[in-house]
Structure formats: structure tokens, C-alpha cells
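Everything below concerns the one structure shown next.
The values are calculated or read from the model by the stated rules, or taken from the named source; none is laboratory data. All values reported here derive from a predicted model rather than from experimental measurement. In this analysis, Cβ positions are derived from the backbone assuming ideal geometry, glycine residues included, and neighbour counts consider all displayed protein chains. Note: accessible area is taken over every heavy atom of the protein model, side chains too, but ligands, DNA and RNA are not part of it. Shrake-Rupley method; radii C 1.70, N 1.55, O 1.52, S 1.80 Å.
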Amino acid sequence: MEKYSDLRLANSSDVQGKVTWHSPSNLAIIKYWGKHGVQLPKNPSLSMTLTNAVSKTTVEYRQRKNYDGGIDVNFLFDGIENAKFKERIQNYFDSIKSYIPFIEQLHFDIASENTFPHSSGIASSASAMSALALCLCTIEDELFKTLNDIEDFERKASLLARLGSGSASRSIFDSWALWGQTGDVESSSDQYAIPMKDLIHPVFHSFHDDILIVSSSEKAVSSSAGHELMDSNPYSGIRYDEAKRQLFYLLEAMKKGDVERFGKIAEQEAMSLHALMMVSNPSYILMEPETLAIINKIKSFRKQTGAHIYFSLDAGPNVHVIYPAEESEKISEFIENELRKKCVNGLVIKDKVGPGPIQID
Ligand code: PMV
């Protein structure tokens with residue numbers, strides 16, 4: 001176990017370097033909604049790591065000459081300075097400096113961009129914060145050689161990502177990841193996520209997630225405000241118990257390869273998330289009429305054809321259509337013919353379970 005306070009540079013050293021990571025977004029099937037303490041989850045969550053919805057982050061660093069405390073960052077988003085994001089990163093660095101004290105000794109130039117369209121309404125915090133956390137861990141390893149063990153590296157990257165955005169903790173791993181302590185999975189933790197690929201049936205290793213963009217506007221309620229609303233939600237206690245129960249049944253289904261059971265739980269979880277927002281105070285309705293129209297079409301297509309097509313929702317109106325790769329031909333055709341026209345500018349982002357983050361340099 002590394003001693004964080006040792007991670008300080010000698011004043012006489014003069015280090016510099018450049019690191020780039022590509023890191024994906026993820027779709028939670030068991031949702032994280034409600035937190036406590038320092039970004040700890042009220043219930044465990046399980047997600048699929050995506051392939052195409054990726055943040056690309058480059059961090060250039062050099063040792064500060066006249067180090068006087070505080071955090072020293074420049075930040076470009078899509079090549080343009082962004083004061084809001086810069087402030088968020090400064091606060092984030094401040095919050096993680098006990099884990100990587102050397103960040104106060106460095107100047108950072110950070111540049112980030114997303115592969116998914118700006119106006120897609122897709123939240124990028126999971127991909128962006130995981131990419132940044134991975135860059136920081138690579139820098140730690142370059143400077144101190146403390147994270148050459150892959151498990152240590154991933155664990156610390158997941159922990160740092162979590163402190164930026166809870167869901168980002170899960171993006172560190174390929175395929176599927178679990179964040180949050182549960183008696184059902186050994187070595188699970190509230191502090192970081194763990195990989196799940198080896199525990200689940202191969203049918204889930206190639207699952208598709210086509211994201212139907214129903215609205216491209218920014219989220220009506222930020223996830224931090226949403227988590228906070230759970231503190232006064234009259235159903236929160238029931239929800240946390242229910243999420244744990246659902247996780248148990250989901251894992252059972254995923255181990256066996258029971259796609260039908262999986263799909264049923266995925267849809268219940270999506271609806272629970274939205275129901276919780278509807279009964280929050282203040283209350284939010286985050287679905288749009290097209291969201292409901294798409295959901296109904298998916299249900300009737302499933303009933304008519306027996307296809308294993310299911311939906312999930314994030315904290316917004318866009319619909320994630322999830323299905324096994326084996327059925328992609330018939331389901332893609334249905335999406336093209338029936339669902340694409342319900343999307344804003346016909347926008348559908350085709351994604352699927354992916355290989356996880358990649359270091360570029
Ligand atoms: O990581 P946050 O704080 O943006 O919360 C994510 C919340 C959901 O996306 C709604 C669910 C989840 O587990 O990803």
C-alpha cells in the first residue's frame with residue numbers, strides 16, 4: 001500500500017512530460033442515485049463500458065519554479081478556454097491532493113475533447129473524469145514508479161475518477177464494472193469500481209447500446225443536484241434496498257446469460273430512476289413525449305417479434321436501446337425504420353460494450 005505523503009518531488013528536480021488517454025462513457029444498468037460522505041454511493045451500481053462515446057484528454061505538466069501552494073491549471077475544451085470547466089478541475093485537483101500531493105508542485109496544461117456530438121445531451125463526466133484520473137495516475141507512475149502493478153494502477157485511477165464523478169469510477173474497466181460494496185461480489189468497494197467481465201456470461205460481452213437522442217439540451221437537473229434530492233426523497237430508503245436486491249438478481253441473470261431477465265431489470269431500473277425524480281421535491285419530469293413513444297414502440301416490437309430488445313434511461317430524455325449483438329441486424333432495421341424519425345435531427349449514436357480506456361502517449 002503506497003504512502004500518499006511520500007508522493008512529493010524534491011525542490012531540486014525539474015520534471016516535465018505529456019500524457020494522453022482516451023476513456024469511454026458508460027451506461028449504468030443498476031443506477032447510482034444518492035450519495036453520502038466524500039462521494040460514496042448509497043447503493044452499488046453496475047454498468048457497461050461503451051466503445052464510441054469517448055473523451056480524449058492530454059495533460060502536459062512541468063514542475064513549478066516558484067511553487068507557492070494552490071493549484072495551477074490551464075484547460076482547453078475542444079481547443080477553447082472554458083472557465084466553468086477550469087474551475088471544476090481546480091476544485092477537483094484541490095479535493096484529490098491528499099492522494100497525489102505532487103499536483104501542487106506542477107503546472108498543468110490540459111486539453112480535452114469528446115468524440116460524441118456536442119449537442120447530443122450525453123453527459124460526459126464519466127468519460128472526462130476517468131480520462132483525467134488515468135492521466136494523473138500515469139504521471140504519478142512516471143514520477144514515482146508507484147503504480148506499475150496494473151491492479152494498483154486501475155484501483156487508484158478508479159478511486160480518483162470517483163472523486164471527480166461517481167459514475168467515472170466504472171469507466172476505468174473494459175466490458176462491465178461494479179462500483180459499491182456488496183456482499184454478493186468479493187472485493188467490491190465503495191472507494192473504487194472493480195472489473196466484472198470474467199464473472200458474466202459472454203453474451204453480455206458484446207451487447208449493443210444505441211443511444212436515441214430525443215433532446216439535445218443540457219440536463220434539466222445536474223446529477224449532483226439529483227443525488228442531493230435523494231436525501232429528502234420519502235422513498236430513498238426503499239430505493240437503496242431495492243437497488244441492492246435488483247443487483248443480486250441482475251448478477252444471477254448475467255452469470256447465466258439470461259438476457260430476458262437482464263432486460264426486465266434494466267427497464268425497471270430506468271423507470272425507478274425517473275420515478276424517483278418525479279417524486280423529488282422539487283419534482284422533475286425528465287422524459288419527453290418522444291421518450292415515451294419510443295419506449296412503447298420498443299415494447300410492442302418485442303411483443304410482436306420476440307426480439308431481445310430493451311431500453312435504459314439516464315437522468316434525461318434520451319433512450320438507450322440495448323440488445324445482444326446476435327440480434328443486431330433485425331433490431332438495427334427496426335431502429336432505422338421506426339425509431340430514428342423520433343430523434344432530434346435523426347440522431348442515433350451507435351455504441352456497444354467496449355475495450356475500456358487506451359493510453360495514447
Ligand atoms: O456520476 P454522476 O454523479 O454524474 O451520477 C450518475 C448518475 C446516473 O448516470 C443517473 C446513474 C449512473 O449510475 O451512472
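On the principal axes of its alpha carbon atoms, region 1-151 extends 49, 37, 27 Å, with the longest extent given first.
Per residue of the chain, the DSSP helices (runs of n ≥ 4 H) give a summed -39500 (n - 2.57) that works out to -11000 deg cm²/dmol at 222 nm.
Could you work out how far helix 289-305 tilts from the main Cα principal axis of the chain, as a 0 to 90 degree angle to the nearest 10? The angle comes out near 60 degrees. A simple charge model with +1 on the Cβ of Lys and Arg, -1 on the Cβ of Asp and Glu and nothing else charged puts the dipole of region 204-352 at about 300 debye relative to its Cα centre.
One quarter of the surface of the convex hull around the alpha-carbon atoms of the chain equals 17.8 nm², the direction-averaged projected area. The spacing between region 316-359 and region 45-120, judged by their C-alpha centroids, is 30 Å. Peptides 219-231, 103-115 ranked from most to least packed, by the mean per-residue count of other Cβ atoms within 10 Å: 103-115, 219-231.
Where both partners of a DSSP beta bridge lie in region 69-147, what percent of those bridges are antiparallel, to the nearest 5?
Beta bridges within region 69-147, antiparallel portion: roughly 25 percent.
The alpha-carbon of LYS341 sits under 17 angstrom from the alpha-carbons of these aspartates and glutamates, leaving out residues fewer than 8 places away in its chain: ASP210, GLU288, GLU290, GLU333. Of the cross-linked pairs LYS42/LYS299; LYS56/LYS350; LYS197/LYS219, those separated by over 26 Å at the C-alpha level are LYS42/LYS299; LYS197/LYS219.
Rounded to the nearest 20 debye, what is the charge dipole size of region 4-200 about its Cα centre when +1 sits on each Lys and Arg Cβ and -1 on each Asp and Glu Cβ?
On the way: 19 positive and 24 negative charges, 100 e Å.
Taking the Cα centre of region 4-200 as origin, the dipole is about 480 debye.
Selection among PHE102, THR58, GLN181 by position relative to the dipole of region 4-200 gives GLN181 as farthest towards the positive end (Cβ unit charges, Cα centre). In the chain, taking the dipole from charged Cβ atoms about the Cα centre, the farthest positive-side position among SER206, ILE298, LEU143 is held by ILE298. Every pair of different Cα atoms in region 204-352 enters the Kirkwood calculation, which places the hydrodynamic radius at 16.2 Å. Rounded to the nearest 20, the Cβ-based charge dipole of the chain about its Cα centre (Lys and Arg +1, Asp and Glu -1) stands at 700 debye. Put simply, when 277-285, 43-51, 256-264, 10-18 are sorted by average Cβ atoms within 10 angstrom per residue, most first, you get 43-51, 256-264, 277-285, 10-18. What the Cβ-Cβ distance of ASP68 and ALA225 gives, at R0 = 30 Å and to the nearest 0.05, is a FRET efficiency of 0.30. Calculated accessible area for the chain comes out at 44 Å² per residue, all protein chains present (probe 1.4 Å; ligands, DNA, RNA ignored). Both radii are taken from the alpha-carbon atoms of region 279-337; with Rh as the Kirkwood radius, Rg/Rh is 1.06. In terms of the mean number of neighbouring beta-carbon atoms within 10 Å, the peptides 179-189, 347-357 order highest first as 347-357, 179-189. Ordering ASN74, GLY356, SER280 by the projection of their Cα atoms onto the charge dipole of the chain, which places +1 on the Cβ of Lys and Arg and -1 on the Cβ of Asp and Glu, puts SER280 at the extreme positive end.
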